[in-house]
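In what follows, a single structure is set out as structure tokens and then discussed.
The values are calculated or read from the model by the stated rules, or taken from the named source; none is laboratory data. Here the structure is a predicted model, which is why all the values come from computation and not from measurement. Cβ placement follows ideal geometry from the backbone for every residue including glycine, while neighbour counts extend to all protein chains displayed.
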Amino acid sequence: MKSYQIITFGCQMNEHDSEVISGMLAQRGYTETEENPDIVIINTCSIRENADKRFFGTLGQLKKVKIANPDFAVCVCGCMMQQEHITTKLRQSYPWVDVIFGTHNIHEFPDMLEEMFEKRAAEGEWTVKQVRSSKEFRVDRIYEDRAEIVEGLPARRLFRHKSFVNIMYGCNNFCTYCIVPYTRGREKSRHPEDILDEVRGLVADGVKEVTLLGQNVNSYKGKTKIDEKTWDFTDLIYALNDIDGLERIRFMTSHPKDLSDRLIEAFAKCEKLCNYIHLPVQAGSSNVLKRMNRKYTREQYLELVRKLREAVPGIAISTDIIVGFPGETEEEFEETLSLAKEVCYDSAFTFLYSPRKGTPAAEYVDQIPEETKHVRFNRLVDIMNEGSKSRNAAFVGRVCRVLVDGPDKKESGILNGRTEEFKLVDFEGPEELIGQIVDVEITASNTFSLRGRMV
Ligand code: 5AD
Ligand code: SF4
């Protein structure tokens, strides 16, 4: 049987899609390998420009492999396939790519792959000349969107003890910088029963922690199958909190405009819901937020942070921030700096604004020069790092419950795990503890991680 490797770019949603692709291939008898695979699948991301560049760079490398071995199969999928200018380029200039599928037909991939192999068998295998001169055996199928959700796909998890669970797909928000609504389609929520069944199944299989995934999880609206009642995200959290054997619930990503008081209260009431929230702010200026179509102001965001910290003292908060959005003035940027200082985030992902073809902001005339973006970016990162450092320092001396993920990649005898607040902790311990929750006393801290000792 043939072997495969998946190269994944981008967010957790893509990582989870890759787990599903892997699960489906494993079910059909393919084996995963990192050395000389027969099939490579590239799961692409289009959120920022460097993701595009890395994809075409990787394809360039794979062409060399294909020329050396024309039997080799190259498959591409993910968000970039939902953008017409990309598929046009692929179809015109990369005819040797064997299978192309999008974000809405992942479930069809194993059949498409087999269809491609049959086509090759019927029409003759690729020759080096054909790779170079564009003869196609390609199977190419992409849908613009899909109304229904395909349930029951297998997934090969990266970890035994924790798992992603998709609860909704797509996004309706159309932030003006963002490509996601175009690549992932409109919002669709899974039935609550399907989610609960999946989580119960995962728990029976040893999973202790689930991360609920969606572009905007807190706008979840799932209809029950029996009586067609609509559940919101908080209803789902309460129901998950009741599942025996499940220890931790996380979610990602939430939109400030949909963070309800009831959800904030659920952090306090549901013992399994971790004291951690990723709450992307994107910018600290209400003007910029308006131009981004974020639908909240600086003041409203700060009020949410206040409420969260009041309801759940010690809650960790992380964020995403974009620097150099079109028209961002020095004063507006300074409002981002002052918000960052005021909130004092536990951690942050900071991005240089990158125009995405097809989004409104890409057409704005007042694009910020790259040089200015970089200078602002560095100023912001310094403040973010100071915040993370001080938030981490406050953990020293505390005993934390740590879910052990695995051995440290660099130091032998050292394990890595996460606290409820999603803090990375290194400590000495035997590998038998992987997948367990253990008590660790924090002995030292730095900007991105904590050091501890098991108690
Ligand atoms: N440029 C820069 N950053 C972006 N993001 C989304 N689109 C862009 C863009 N065009 C960032 C946002 C989002 C995160 C996943 O990626 O901060 O929250
Ligand atoms: Fe993109 Fe905004 Fe939707 Fe998030 S909420 S995926 S940033 S459009």
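Side notes on the structure shown:
- Applying the set (1) within 9 Å of ligand 2 (Cβ to nearest atom); (2) under 27 Å from residue 434 (Cα atoms) to residue 195 leaves exactly one unmet item: (1).
- For residue 188, the conditions (1) within 16 Å of ligand 2 (Cβ to nearest atom); (2) among the charged types (D, E, K, R); (3) modelled with pLDDT under 95 are fulfilled apart from (3).
- Screening the range 388-409 for residues that are over 25 Å from the mean Cα position of the chain (by Cα) and either of a type in the set (Val, Ile, Thr) or in a strand (DSSP E or B) (or both) and picking the one that is surrounded by the most Cβ atoms within 10 Å (Cβ to Cβ) gives 400.
- Qualifying residue in the range 362-383 (condition: among the charged types (D, E, K, R) and not in a helix (DSSP H, G or I)): yes
- Restricted to the range 281-307, and to residues there that are basic (Lys, Arg) and more than 16 Å from ligand 2 (Cβ to nearest atom), the residue that is farthest from residue 384 (Cα to Cα) is 307.
- All positions within the range 251-290 that are within 13 Å of ligand 1 (Cβ to nearest atom) and in a helix (DSSP H, G or I): 256, 288, 289
- Cross-chain or 6+ apart pairs with Cβ under 6 Å, the range 315-338 first and under 16 Å from residue 368 (Cβ atoms) and of a type outside the set (A, V, I, L, M), then outside any helix (DSSP H, G or I) and within 10 Å of ligand 1 (Cβ to nearest atom): 324/352; 324/353; 325/353; 336/283
- Residue list for the range 410-430, filter: farther than 17 Å from residue 316 by Cβ and part of a loop (DSSP other than H, G, I, E, B): 410, 411, 412, 413, 429, 430
- Members of the range 170-195 that are more than 16 Å from ligand 1 (Cβ to nearest atom), in contact with a strand residue (DSSP E or B) (Cβ under 7 Å, 6 or more places away or on another chain) and not in a loop (DSSP other than H, G, I, E, B): 188, 189, 192, 195
- For the range 196-207, the count of residues that are touching a strand residue (DSSP E or B) at 6+ places or on another chain (Cβ under 9 Å), closer than 25 Å to residue 282 by Cβ and of a type outside the set (A, V, I, L, M) is zero.
- One residue from 223, 188 being without any contact (Cβ under 8 Å) to a residue 40 or more places away in the chain and of a type in the set (Lys, Arg): 223
- From the options 234, 319, residue that is assigned to a helix (DSSP H, G or I) and under 29 Å from residue 191 (Cα atoms): 234
- Whenever a residue of the range 286-306 is in contact (Cβ under 8 Å) with a residue 24 or more places away in the chain and closer than 10 Å to residue 256 by Cα, its partners that are away from ligand 1 (no atom under 14 Å from the Cβ) and outside any helix (DSSP H, G or I), lying with C-beta atoms within less than 6 angstrom and at least six residues away or across chains, give the pairs 304/259.
- Scan of the range 265-289 for residues that are aliphatic (A, V, I, L, M) and surrounded by 20 or more Cβ atoms within 10 Å (Cβ to Cβ), ordered by number: 266, 273, 277, 279, 281, 283, 288, 289
- Members of the range 118-153 that are modelled with pLDDT under 90, hydrophobic (A, V, I, L, M, F, W, C) and surrounded by 14 or more Cβ atoms within 10 Å (Cβ to Cβ): 126, 131, 137
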